[in-house]
1. Return the residue satisfying two criteria in turn: it lies in the range B:117-130 and is more than 7 Å from every other protein chain (Cβ to nearest Cβ) and buried (at least 24 other Cβ atoms within 10 Å of the Cβ), and of such residues it is farthest from the chain's Cα centre (by Cα).
2. Which helices (runs of 4 or more DSSP H) does the range A:218-294 wholly contain that include 3 or more residues that are under 35 Å from the mean Cα position of the chain (by Cα)?
3. On the basis of being facing chain B (nearest Cβ under 9 Å), under 36 Å from the mean Cα position of the chain (by Cα) and free of Cβ contacts under 8 Å to residues at least 40 places away in the same chain, does residue A:118 make the cut?
4. Anything in the range B:88-109 that is touching a strand residue (DSSP E or B) at 6+ places or on another chain (Cβ under 8 Å) and away from chain A (no Cβ under 12 Å)? List them, or say none.
5. Would you check if residue B:64 is within 9 Å of chain A (Cβ to nearest Cβ) and at pLDDT below 85?
6. Right, residue A:20: assigned to a helix (DSSP H, G or I), modelled with pLDDT under 75, over 19 Å from residue A:148 (Cα atoms) and over 45 Å from the mean Cα position of the chain (by Cα) or not?
7. Restricting the search to the range A:203-217, which residues are in a helix (DSSP H, G or I) and surrounded by 15 or more Cβ atoms within 10 Å (Cβ to Cβ)?
8. So, of the residues in the range B:131-145 that are more than 8 Å from chain A (Cβ to nearest Cβ) and closer than 26 Å to residue A:192 by Cβ, which turns out to be surrounded by the most Cβ atoms within 10 Å (Cβ to Cβ)?
């Protein structure tokens, strides 16, 4: 059967047989049973439970061979249940003096497995003494196994086992001097290399060695290993001795030895990376990377830079990777230029699987250590040219961000962009970035030869036929901007560009079409254009998303976390933005005051969110984020100002509204980077993405991300059935270290009954925890449940209050009705409080189909054709709650085609509260602007003539992504 | 620790798998597919380590068989390389100049021997003699049991013949 399995066929049918063979009395059958079981099943398999009892009987039984079999099985696939029932027995076996070494070493490793899998179940209190005893063992087999066990124990809690430390050193000394080592345990003349390695590994888990005598002995041994290892002919001997050597190196690094020894190590490694043997070269590079943790070796490592760069060109991709990592780690301001240039050069010939990582790292280094900004722009543009396909969008977003934020850089970047576009074959990414830069800044070049708007336009336009649909919008924006910068207007150019816009007005891609139409309309406006197409506002400084990406890409090894640490110590200080905070006349407090005054009226459903933000900006006074609001809001108010005046005279209320929204967009811009409040000042964890937007999205769908920051991601998946719901919270730790003190508290409103299952206190690294949450709806209400979530990461205590998307519409069930059903009911519910009518003003303008889609997404079914007037909507739904059971609700919305900002809404249901609540709920959805927070240039709610700037405008995209 | 041990022939046929970490059936076949792709395509004079999904795979080729072991990224690669060699030497001693066919026909023996060398992904015994001795002891137990059953069966056959 095992053979069938190995050939890759399904052998589920035989699992039961295999497990039952275990309990056979005869040895061969038992043996087969054990071996098949341990190969085929994994620890979570249900059948294993059946075997636990038999296994236990074998372990406590007298028959040694049976014991061995059972221990092997448990050691290989033992899971939690095994740990619970067998751990004490196994511990006893390990310590008993009457057992043969064979059994004892097996039980040591078996215990190791159980402990490693379930440290909470296996009780190891007071094991320190026993371990010390075990280390006196004469049999090297048992000793090897015990040492493995010790490594696991010590890595968990080194303090308890300090008594083992001198013993380990003694063992190591004995082995290194090859005293008293039986012949059969020497391997190619080396006394048990594995035990040596393990012992040194165990020593690495102790922080320091206090006792001077022990320390001296250890260093003598290490010295002997470091110096006494030569390259020999025999491959195996070589490998074994170098295994010991590299472990010794690791130990030396860990112990932070004297300088002298360190430089010895560096010299050794330098020798290794130059040898022919690829294994040694690989390990040399790897250990050099690890060595970077020790600060002062950087200089001595630089001496080997040339050699490392040669390794980068090795045919072996494993070696290349190591070399790249090392170069990335050792790069600093002095050698950045060389290294980045090497990387760029190497990009041409690199293996395809490596190019992405390579270009990412080059981009980060260029950013981090750039001596001047123009160099940085050069590097990135070269990078895009050479490896366009392998570059993520983030890289070019980042360079655009820098160019935008640095006035001095703009002409240079524009000139460069032009140069690149002049080349015959250009990568699409390059077209994107160049078109963007030229669109924004080509006017700065206007005086240079060959850079008139017309010529620039021609250069860009040449590329149009060859690009994909995602790039065309960018090109269109560039055209519009070029057109705007052409003063006085050039009639020919204008016509040319208009022709293009008209052509794309019927494009199948909605994005392109919309832009073409809008730009065309806008560009006819003449002078008013200036404001709309003004240069992009400066971006707020943010941490490069690239670095984060690189960190995510990296695994969770110790060496890499050390690199991360270094990366944090050296913030990208080379690129200080020159003019980040233009002075503005408005003192921040006034601004804030204004905000709080105008905010109150229409923000009731996002209030908790914003009020906390207000607190933030007030407390911090003129926090830089507040400073940045006006510039980013500026073009907006320009936009709104004249247009609102142009609007209908009766729209004063709306004007106020639009100002509100304009001002609101201030905090919204900040919102993306705003601190989740609660602990202002100490808290520096920034959420990724906008919480409000995420919440709104989740109100409409049943699964998605509720919250995300650099450490944690909270996802939600919900199922709703009538008045009950079941949400599952997915708490995902994004980091390589555990999140501790995790606390979740649900603050349910009065109308919801919520029960959260137990949430673990700790979320292990890179793990995801699921917490089911049961919801029962008692009665209609619009209140929202809040999840109070906190965790601790390092020294940061983070507390987040999140609204849970268990909102009214989740308990609705769409119910299409026919005219025969509708009208009798509609008539029977006459007048308040069962039937309510309200005229709603300041509605977000939307077409009728859009509105019916909106209602539909809130689970309210539209019944078309019921109302004779095509401008009216009739809809119905069923509401479920525990107190009321199913209630049918009927909705009628009468819109005014002349003025889309107002409508009359009539709600009817058999329950007065429900009628009221549902009416308010729908009103909120129609009035509020859930998408506003996405872009710094939101569509104002009440300016009918305002051009809707598409939410995925490049600016918005950039601001969002960077 | 070692997460799993694989023996793959040069044609990509799997000869032995042993999993010390928990992998579901689906994951197992995925791992096999990916790794055989990565390892079998590597040239002859490259190093014996491959980085794979944040872990490291140490492999070595003996004749037509690739022995692969997957370890943590901070593990000692050369040590693992020598464990592989150690295993091969023990196989060699047990079978007497081992070849791929030995492992195909006596795959269960290969598992027994591996169990004597590795448990829960750690080295258990580094002495070749001890390992061979204990495997031999197991064999003799099996033989003894076989003789017993064999004789009972021949008795039955004898009875039936009468």
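1. Ranking the candidates gives B:121 first.
2. In the range A:218-294, the matching helices (runs of 4 or more DSSP H) lie at A:235-255, A:278-291.
3. no
4. The one that is touching a strand residue (DSSP E or B) at 6+ places or on another chain (Cβ under 8 Å) and away from chain A (no Cβ under 12 Å): B:100.
5. No: the conditions fail for residue B:64.
6. So residue A:20 passes the test.
7. Residues satisfying the conditions are A:203, A:214, A:215, A:217.
8. B:131
The values are calculated or read from the model by the stated rules, or taken from the named source; none is laboratory data. Quick caveat: nothing in here was measured; it's all calculated off a predicted structure. Cβ: placed from backbone, ideal geometry, glycine included. Neighbour counts: every protein chain shown.
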